[in-house]
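Nothing in this text is a laboratory measurement; each read-out follows from the coordinates by a stated rule. Note that this is a predicted model, so its numbers are computed, not measured. We place every Cβ from the backbone using ideal geometry, glycine too, and count neighbours over all the protein chains shown.
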Amino acid sequence: MIHSEKYKNKNVLITGGLGFLGSNLAHRLVELDANVAIMDALLPLYGGNLFNVEDIKEKTAVNISDLRDEASVNHLVEGKDYIFHIAAQTSHVDSMIEPFTDIDINCRGNMIFLEACRKYNQKVKIIYAGTRGQYGRLEYTPVDEKHKMEPVDIYGVNKMAAEHYHFLYHRIHGIKATSLRINNTYGPRHQMKHGKYGILNWFIRLALDGGTIKVYGEGNQLRDYNYVDDVAEAFLLAGASDGAYGQAFNLGSGTPVKFIDLVKKVLMAAGSGKYEKVPWPKERADIEVGDYIADYGKFQELTGWTPKVSLDSGLASTVEYYKKYKEKYW
Ligand SMILES: NC(=O)c1ccc[n+]([C@@H]2O[C@H](COP(=O)([O-])OP(=O)(O)OC[C@H]3O[C@@H](n4cnc5c(N)ncnc54)[C@H](O)[C@@H]3O)[C@@H](O)[C@H]2O)c1
């Protein structure tokens with residue numbers, strides 16, 4: 001499916017557009033000649049970083065504002081053709097330590113956003129960033145969209161609730177909304193200050209620093225990783241596919257990898273660092289979901305999407321990026 005003309009001269013808003021996924025998407029939308037606006041609160045510890053859009057700053061309108069600020073959101077949704085709704089508190093661990101912050105951003109913030117669309121822009125098309133975390137521990141793999149959703153942390157529960165809010169507004173108010181349940185994603189422009197989320201990027205930092213990556217248990221659990229360019233492409237395809245609205249779709253890699261093998265690949269790509277196996281800490285064991293392999297057949301059937309970047313080449317590009325721009329992220 002071709003989307004290249006769909007975004008030309010269209011008004012597009014990216015919430016969370018200074019973060020990892022949002023800023024990579026912003027680059028693609030600028031290439032496609034969309035009029036790109038970004039809103040991001042640049043909250044400490046989250047992934048927002050002005051350097052992420054440094055090279056496209058003349059071609060984007062950046063608003064530093066919070067999803068929970070009703071007046072800003074009301075104004076920003078107006079007149080947009082598409083909204084890539086990506087802003088979120090993204091840490092599983094933090095959601096268990098500070099549940100009210102997660103509820104405030106990931107539930108209340110989403111309702112403020114949807115109410116703004118209902119009042120000021122019912123014609124907009126919304127592409128919501130869902131998560132694999134909505135499923136919880138899997139009863140079968142590869143997981144398809146029919147699998148029950150029983151999240152193991154507050155973040156997963158609130159991301160699931162927000163996806164439901166989107167579909168409710170789709171059914172009741174006719175606001176076009178689709179959700180992509182994103183897999184573990186890695187690549188350039190991710191925050192590298194802590195390992196509370198985006199663990200693969202964090203491992204890349206540890207390796208580049210010549211540090212030790214701690215593998216909990218034996219590391220035999222299977223994981224599915226997507227390179228960020230493939231995820232950005234999926235968002236563009238979802239927005240351009242009328243058949244996607246009102247539905248949720250999994251993303252996945254099609255090539256699951258054992259966690260321990262992933263760590264070895266990171267060390268090889270970085271050319272430095274080492275690993276050690278340690279027992280599971282309780283706060284991680286409580287929210288660990290075990291093997292995760294996604295079936296993305298439903299999305300592939302609708303849009304033709306398939307991930308193009310292999311783990312080896314994605315890791316090489318990511319390492320190269322952070323070696324070059326280390327001081328902007330460390
Ligand atoms: N990266 C992954 O592996 C992954 C996996 C599954 C789902 N997701 C989802 O994808 C989305 C993007 O994740 P990411 O990895 O790019 O994270 P990120 O932290 O890099 O980006 C999120 C952005 O949202 C902004 N933000 C947070 N709260 C905000 C608020 N109240 N108002 C305005 N802006 C706010 C942050 O400043 C940040 O720039 C999130 O919705 C996340 O739940 C990501």
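General observations
- Model label points for K214 and N11, set 7 angstrom from Cα along the Cα-to-Cβ axis, are 4.9 nm apart.
- Mean separation of Cα contacts under 8 Å, 6 or more apart, over the residue count of the stretch 201-287: relative contact order %: 55
- The 3J(HN,Hα) values that the Karplus relation (6.51, -1.76, 1.60; θ = phi - 60°) gives for the stretch 236-241 are, in residue order, 5, 5, 4, x, 8, 9 Hz. Gly and Pro appear as x.
- When the chain is treated as a GNM with alpha-carbon contacts under 10 Å, the residue of S241, S313, S91 showing the greatest mean-square fluctuation is S313.
- Sorting the segments 135-142, 256-263 by their mean number of nearby beta carbons within 10 angstrom, highest to lowest, gives 256-263, 135-142.
- Under 5 Å, built H, 5+ apart or other chain: amide partners of L42: none
- Taking max minus min of the alpha-carbon positions on each principal axis, the stretch 265-330 gives extents of 41, 36, 22 Å, largest first.
- Working from label points 7 Å from Cα in the Cα-to-Cβ sense, the I97 to I260 distance is 2.9 nm.
- Across the chain, the mean sequence separation of Cα contacts (distance under 8 Å, 6 or more residues apart), normalised by length, yields a relative contact order of 18 percent.
- Computing Rg and the Kirkwood Rh from the Cα coordinates of the chain gives a ratio, Rg/Rh, of 0.94.
- Rounded to the nearest Hz, the phi-derived 3J(HN,Hα) couplings of the stretch 223-230 under the Karplus curve 6.51 cos²θ - 1.76 cosθ + 1.60 (θ = phi - 60°) are 9, 10, 10, 10, 6, 4, 4, 5, where x marks glycine and proline.
- Amide H contacts under 5 Å for A177, placed H, 5+ residues apart: I126, G246
- For A316 and M111, the difference between the fully extended length at 0.36 nm per residue and the C-alpha to C-alpha distance is 69.9 nm.
- Over 18 Å [Cα-Cα, the stretch 64-131], rounded percent: 37
- Equivalent ellipsoid dimensions for the stretch 4-160 as semi-axes, Å, which come from the Cα gyration tensor, largest first: 27, 18, 16
- Global form of the stretch 85-167, assessed from the alpha-carbon gyration tensor, a/c cut-off 1.5: oblate
- The smallest convex shape that holds all Cα atoms of the stretch 76-214, its convex hull, gives 133 Å³ per residue.
- Vicinal HN-Hα couplings computed from phi for the stretch 295-302 (Karplus, 6.51 cos²θ - 1.76 cosθ + 1.60; Hz; Gly/Pro x): 9, 9, x, 5, 6, 5, 5, 6
- Here the sum of -39500 (n - 2.57) over DSSP H runs of 4 or more residues, divided by the residues of the chain, equals -11500 deg cm²/dmol at 222 nm, to the nearest 500.
- For H75 and T141, the difference between the fully extended length at 0.36 nm per residue and the C-alpha to C-alpha distance is 19.5 nm.
- Relative to the longest principal axis of the Cα atoms of the chain, the long axis of helix 311-329 makes an angle of roughly 80 degrees.
- Other-chain or far-sequence residues with amide H under 5 Å of T185's (modelled H): N226
- Over 32 Å between alpha carbons, listed pairs K258/K282; K10/K196; K148/K258; K10/K298; K57/K264; K80/K148: K10/K196; K57/K264; K80/K148
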